[in-house]
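To keep things clear, I will list the structure first and then write my remarks on it.
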Amino acid sequence: MQKFLKRLQIKGFASGFLMCAVLSTTLVLANTGGVWREVFYDVNVVVNGVPQNFPADMTPFITEGRTFLPVRGIAEVLDVPVDWYGPTRTVYIGTIPHGMPFFQNTTHFQSGGSAHGVGTVTMLGNTYPNSLRSNNRPGSANASFWRDYNLNSQFNELTGTIGRIDGANTAASTISFIGDGRTLATFTVDGNTHPTDISVDLRGVLILRIQISQPVNSVNAQHRGAWLAFTNVMIE
């Protein structure tokens, strides 16, 4: 096996996915301004008796007594899906977990409009944590906000519960789900709406926008505050 000495920036394999198995101890050499490591190539991979060849950016190697193999390459040989979900820096091998909490596992990359946030709300006396809620701000003729999430076509469905926050006025508010510029679903909440379970089809959606709108007029202008909440949100 031919041995090479190569300076590596320890940020992961070029393909982005790594799998390792401990083999033996390997000498590590330190160098000012970086780390030098002994790297061994010419690693043969045989899957179910069939030798495998990988592209240059997926070349298996050994360093520090560990063998690094390209997860994507191996998964494709075994016909197992593999996905990288950037917002949580997670590699999914096989299926993405059923019912993953949305707000705890995703981060919006841009937003706009009036005050909003994720926190605890109360509806019909019941407390719901991790809820997206709207907050009207004084002086606005129409209070609305939106958040954009990068889904990268990796999910099928968004589910959750919408409702009117206790103590809010009875004016109607709407929550819309917009996928790649196309409205997927819109729901309305008013003073007569009890917490309601909803679902939104996300198949093929790259960018999801969640938008809440609530009008303000002279009658309800004195009752500004959090109105509509979206809670128990799961994605799969």
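The values are calculated or read from the model by the stated rules, or taken from the named source; none is laboratory data. Just so we're clear, the structure is a prediction, and the values are computed from it rather than from any experiment. Reconstructed Cβ throughout: ideal geometry from the backbone, glycine too, with neighbour counts over all protein chains shown. Accessible surface areas use protein heavy atoms only, side chains included; no ligands, DNA or RNA. Shrake-Rupley method; radii C 1.70, N 1.55, O 1.52, S 1.80 Å.
Is it the case that Arg182 is at pLDDT 90 or above, more than 17 Å from Ile235 (Cα to Cα) and open to solvent by 10 Å² or more (accessible area, probe 1.4 Å)? Yes; evaluated as a whole, the condition is true for this residue. When you check Gly112 against the structure, is it part of a strand (DSSP E or B), at pLDDT below 85 and out of contact with any Phe, Trp or Tyr (no Cβ under 7 Å at 6 or more places or on another chain), yes or no? Taking the combined requirement at face value, the residue does not satisfy it. If the condition is being among the small types (Gly, Ala, Ser) and modelled with pLDDT of 70 or more, then the stretch 131-152 contributes Ser131, Ser134, Ser144. Just one of the numbered conditions (1) modelled with pLDDT of 85 or more; (2) open to solvent by 20 Å² or more (accessible area, probe 1.4 Å) is not true of Asp190: (1). The sole residue among Pro101, Pro97 that is within 14 Å of Ile235 (Cα to Cα) and modelled with pLDDT under 80 is Pro97. Apart from one condition, Glu76 fits all of (1) part of a strand (DSSP E or B); (2) modelled with pLDDT under 85; the exception is (1). Scanning the stretch 46-68 for residues that are assigned to a strand (DSSP E or B) and more than 30 Å from Thr107 (Cβ to Cβ) gives Val46, Val47, Val50, Pro51, Gln52, Phe61, Ile62, Thr63, Arg66, Thr67.
Residues of the stretch 169-199 that are free of Cβ contacts under 8 Å to residues at least 60 places away in the same chain, assigned to a loop (DSSP other than H, G, I, E, B) and at negative phi: Asn169, Thr170, Ala171, Ala172, Asp190, Gly191, Asn192, Thr193. Total residues in the stretch 193-206 satisfying the condition of being open to solvent by 30 Å² or more (accessible area, probe 1.4 Å) and either in contact with an Asp or Glu (Cβ under 9 Å, 6 or more places away or on another chain) or not hydroxyl-bearing (Ser, Thr, Tyr) (or both): the figure is 8.
Report, by residue number, each residue of the stretch 59-82 that is open to solvent by less than 30 Å² (accessible area, probe 1.4 Å) and either β-branched (Val, Ile, Thr) or touching a residue at least 24 places away in the same chain (Cβ under 8 Å) (or both). Of everything in the stretch 59-82, those that are open to solvent by less than 30 Å² (accessible area, probe 1.4 Å) and either β-branched (Val, Ile, Thr) or touching a residue at least 24 places away in the same chain (Cβ under 8 Å) (or both) turn out to be Ile62, Thr63, Gly65, Thr67, Pro70, Val71, Gly73, Ile74, Val82.
Taking the condition of being touching a Lys or Arg at 6+ places or on another chain (Cβ under 6 Å) and modelled with pLDDT of 85 or more, how many residues in the stretch 37-69 meet it?
First pass over the stretch 37-69, keeping only residues touching a Lys or Arg at 6+ places or on another chain (Cβ under 6 Å): 39-40, 63.
Now restrict to residues that are modelled with pLDDT of 85 or more: none.
Looking only at that region, the number is 0.
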